[in-house]
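Structure first, commentary second.
The values are calculated or read from the model by the stated rules, or taken from the named source; none is laboratory data. Since the structure is predicted, the reported quantities are computational estimates derived from the model, not experimental observations. For neighbour counting, all protein chains shown are included, and Cβ atoms are generated from backbone atoms with ideal geometry for every residue, glycine included. Surface areas here come from the heavy atoms of the whole protein model, side chains and all, with no ligands, DNA or RNA. Shrake-Rupley method; radii C 1.70, N 1.55, O 1.52, S 1.80 Å.
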Amino acid sequence: MLWFRNLQIYRLSADHALTSESIGTELAKRPFVPCGNMDMQSCGWVAPARHAPEEFAFVRQDAVLISLKTEEKVLPAAVIKDELDQRVLHIEQEENRKVGRKEQREMKERITDELLPRAFTRSRTNRALLDLANGLVIVDAASAAKAEYLLSTLRETLGSLPTRLIDTETSPAMAMTDWLTSEPPAAFSIGQDAELKVPGDEGSIARFKRQVMDCEEVRQHLEAGKIATRLALAFGERLTFTLTEALEIKSLAMLDVLKDEVKDMDAETQDALFESQMALLIGELRGFIPELVVALGGETQKT
């Protein structure tokens, strides 16, 4: 199922000059290549759709789906340390001398080089949607660091990628706190999970799970000065998600109405199913993200 679960949302500069054709051309110049014997890590672009292996940029409705694959060697530090300890012990016993720090560092480097060709590998794939029609880059990543890694690689590949995180007139924390004390905008409803925190690095935190938010306990925490840093929400009858104070979307999921639409997709082949799912993803994100930005007071206009 083609779906984004965690959203990191960026604004493309109005003068970005990117096209779907230019993106596809540049990504094809940096395809994924597995790690060589002496490589700790390798990354590159892969085709997002199996039925279109030559399309590094899968384009529909003026939106570009891309996929970055990263492969890493798994070489646990404990394995290197054990081997180093054995060699140090052998030298000290055989040569009756202490092995200094500099020599141990050099030995450690040699051990790493020796073990690398035999190390196991693990890989991950991160996807992003470049909505050229609306000037957005939406990265499916659970953390800002993973999103920035993809964007940094994309920036290197394209030569330029003028983006910034979406910023709204009302901070998510202030908006979520206000919604808990009054009510959310009409397009949204409050779920049953939340995190409330006293402002500051050392502030106490209250977490609620499967708890109705309109209750005395929640009100007491808010009256004591806590603000909402995470809040479960629903968008109409189509989506559920958790909003964070950093304007990250976590655990984006379909409600029954949308699940039924997926089940009813008339697709005779896996190719057609992928196409339908991408159309659904684009449509839902284009409906959801602008409404959320409006609920947060609109987007801040950078000068």
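Looking at Ser13 and the list (1) at pLDDT below 95; (2) open to solvent by less than 50 Å² (accessible area, probe 1.4 Å); (3) in contact with a helix residue (DSSP H, G or I) (Cβ under 9 Å, 6 or more places away or on another chain), which single condition is not satisfied?
For Ser13, the exception is condition (3).
Could you list, in sequence order, the residues of the range 278-303 that are hydroxyl-bearing (Ser, Thr, Tyr) and touching a residue at least 24 places away in the same chain (Cβ under 8 Å)?
Thr300
Quickly run through the range 48-57 and pick out the residues that are open to solvent by less than 30 Å² (accessible area, probe 1.4 Å) and over 16 Å from Met1 (Cβ atoms).
The first filter runs over the range 48-57 and keeps only residues open to solvent by less than 30 Å² (accessible area, probe 1.4 Å), leaving 48-49, 52, 57.
Selection gives Ala52, Ala57.
Let me spell it out: the conditions are (1) part of a helix (DSSP H, G or I); (2) of a type outside the set (Val, Ile, Thr); (3) more than 24 Å from the chain's Cα centre (by Cα); (4) under 27 Å from His51 (Cβ atoms), and Glu268 meets all of them except one. Which number is the exception?
Every listed condition holds for Glu268 apart from (1).
Does any residue in the range 112-129 that is in contact (Cβ under 8 Å) with a residue 12 or more places away in the chain come within less than 6 Å, Cβ to Cβ, of a residue that is open to solvent by 80 Å² or more (accessible area, probe 1.4 Å) six or more places away or on a different chain, and which pairs are these?
The qualifying pairs are Leu116/Met38; Pro117/Asn37.
Please go through the range 58-71 and give me each residue that is in contact (Cβ under 8 Å) with a residue 60 or more places away in the chain and either open to solvent by 30 Å² or more (accessible area, probe 1.4 Å) or not β-branched (Val, Ile, Thr) (or both), ordered by number.
Phe58, Arg60, Gln61, Asp62, Ala63, Leu65, Ser67, Leu68 - these are the residues of the range 58-71 that are in contact (Cβ under 8 Å) with a residue 60 or more places away in the chain and either open to solvent by 30 Å² or more (accessible area, probe 1.4 Å) or not β-branched (Val, Ile, Thr) (or both).
Return the pair list, or none, for Cβ contacts closer than 9 Å from residues in the range 93-107 that are open to solvent by 100 Å² or more (accessible area, probe 1.4 Å) to residues that are of a type outside the set (A, V, I, L, M), at least 6 apart or on different chains.
Hits for this filter: Lys98/Glu92.
Among the residues of the range 189-196, is there at least one that is of a type in the set (Val, Ile, Thr), under 24 Å from the mean Cα position of the chain (by Cα) and at pLDDT 95 or above?
Initially, the range 189-196 is screened for residues of a type in the set (Val, Ile, Thr), giving 190.
In the following step, the residues that additionally are under 24 Å from the mean Cα position of the chain (by Cα) were identified as 190.
When the remaining residues are screened for being at pLDDT 95 or above, the result is 190.
Checked the range 189-196: at least one residue is of a type in the set (Val, Ile, Thr), under 24 Å from the mean Cα position of the chain (by Cα) and at pLDDT 95 or above.
Given the criterion without any contact (Cβ under 8 Å) to a residue 60 or more places away in the chain, in a strand (DSSP E or B), touching a strand residue (DSSP E or B) at 6+ places or on another chain (Cβ under 6 Å) and of a type outside the set (Asp, Glu), identify the matching residue among Ala206, Ala253. If you could, list the steps in order and put the result at the bottom.
Values: Ala253 fails: without any contact (Cβ under 8 Å) to a residue 60 or more places away in the chain.
Every option except Ala206 fails the conditions.
Output yes when any residue across the range 224-243 is closer than 16 Å to Trp3 by Cα, surrounded by 13 or more Cβ atoms within 10 Å (Cβ to Cβ), in contact (Cβ under 8 Å) with a residue 24 or more places away in the chain and among the charged types (D, E, K, R), and no when none is.
Yes, the range 224-243 contains at least one residue that is closer than 16 Å to Trp3 by Cα, surrounded by 13 or more Cβ atoms within 10 Å (Cβ to Cβ), in contact (Cβ under 8 Å) with a residue 24 or more places away in the chain and among the charged types (D, E, K, R).
Kindly state which strands (runs of 3 or more DSSP E) lie completely within the range 111-200 and contain at least 2 residues that are closer than 25 Å to Glu72 by Cβ and either in contact with an Asp or Glu (Cβ under 6 Å, 6 or more places away or on another chain) or open to solvent by 30 Å² or more (accessible area, probe 1.4 Å) (or both). Spell out the reasoning first.
Values: elements: 120-131, 136-140, 163-165, 188-197.
The qualifying strands (runs of 3 or more DSSP E) are 120-131.
Any idea which residue in the range 263-288 is surrounded by the most Cβ atoms within 10 Å (Cβ to Cβ), counting only those that are modelled with pLDDT of 95 or more and in contact with an Asp or Glu (Cβ under 9 Å, 6 or more places away or on another chain)?
My answer is Leu285.
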